[in-house]
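Written below as structure tokens is the structure these notes are about.
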Amino acid sequence: PDCRPVQEGDIVNLDISVFKDGYHSDLNETFMIGKCDEAAENLVRTAYESLAVVVPQIMPGTLYRELGNDISRTAHKAGCAVTRTYSGHGIGKDFHGLPNVSHVARNKTIGIMRESHIFTVEPMINEKGWQDNLWPDNWTAVTRDGRRSAQFEHTFMVTETGVEILTARPGTSRTEIMPYDPEVFRR
């Protein structure tokens with residue numbers, strides 16, 4: 001995050017929030033600019049898969065804290081780390097509300113998913129260390145070690161039988177996250 005033009009080999013994270021008719025939604029994707037090195041490809045794929053792995057668990061009766069176990073396992077298996085500072089969150093009339101949805105293993109998040117709960121899952125996956133710094137704008141987060149980070153996020157609603165992805169791309173399933181395709185996230 002700086003003032004230089006985006007160039008081939010960069011990864012760029014876009015975090016988009018919408019406020020419509022009194023309600024918020026939140027969506028985040030990381031894009032690869034042209035040909036990227038193997039480490040960037042691994043990082044972006046791992047960030048996507050760290051979100052995708054938990055979607056089948058989003059249903060009535062699931063403990064919110066369980067999501068962090070699979071997110072962490074997916075990231076660590078790929079040699080990456082999960083930022084511990086930020087979490088998913090309840091969303092609706094308030095932009096950030098309960099529940100807090102931790103993305104790390106063995107967390108103490110309280111709560112059980114119930115029908116009509118609406119929240120985000122948005123693990124920030126780093127190349128190595130989990131530590132981050134927040135810039136003075138109180139929005140821009142960077143890794144403390146200066147390495148790259150990638151993130152994907154969706155807004156989910158728990159339904160009677162499972163999940164609805166409220167921020168799914170037009171023409172894609174609203175109940176399952178699409179399989180990872182690097183070309184979808186390459187510009």
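Structure notes:
- Residue 173 vs. criteria within 13 Å of the chain's Cα centre (by Cα) and either more than 17 Å from residue 45 (Cβ to Cβ) or surrounded by 18 or more Cβ atoms within 10 Å (Cβ to Cβ) (or both): no
Every residue, every condition in (1) polar (S, T, N, Q); (2) over 19 Å from residue 80 (Cα atoms), yes or no:
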residue	(1), (2)
106	no, no
127	no, no
132	no, no
143	yes, no
147	no, no
166	no, yes
182	no, no
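- Scanning the range 82-100 for residues that are of a type in the set (S, T, N, Q), closer than 18 Å to residue 128 by Cα and either part of a strand (DSSP E or B) or open to solvent by 40 Å² or more (accessible area, probe 1.4 Å) (or both) yields one hit, 85.
- Residues of the range 101-134 satisfying the condition of being of a type in the set (A, V, I, L, M, F, W, C) and in a loop (DSSP other than H, G, I, E, B): 104, 105, 110, 113, 130
- Positions within the range 143-166 being in contact with a strand residue (DSSP E or B) (Cβ under 7 Å, 6 or more places away or on another chain), open to solvent by less than 20 Å² (accessible area, probe 1.4 Å) and in a loop (DSSP other than H, G, I, E, B), in sequence order: 152
- Condition check for residue 183: among the acidic types (Asp, Glu) and part of a strand (DSSP E or B): no
- Test: residue in the range 133-142 that is surrounded by 12 or more Cβ atoms within 10 Å (Cβ to Cβ), aliphatic (A, V, I, L, M) and in contact (Cβ under 8 Å) with a residue 60 or more places away in the chain: yes
- Taking the conditions (1) outside any helix (DSSP H, G or I); (2) more than 17 Å from residue 166 (Cα to Cα); (3) at pLDDT 95 or above in turn, residue 71 satisfies each one other than (1).
The values are calculated or read from the model by the stated rules, or taken from the named source; none is laboratory data. The structure displayed is predicted, hence computed values, not measured ones. Positions of Cβ are generated from backbone atoms using ideal geometry, with glycine treated the same way; all protein chains shown enter the neighbour counts. The protein model used for the area step is the full one, side chains on, heavy atoms only, and it has no ligands, DNA or RNA in it. Shrake-Rupley method; radii C 1.70, N 1.55, O 1.52, S 1.80 Å.
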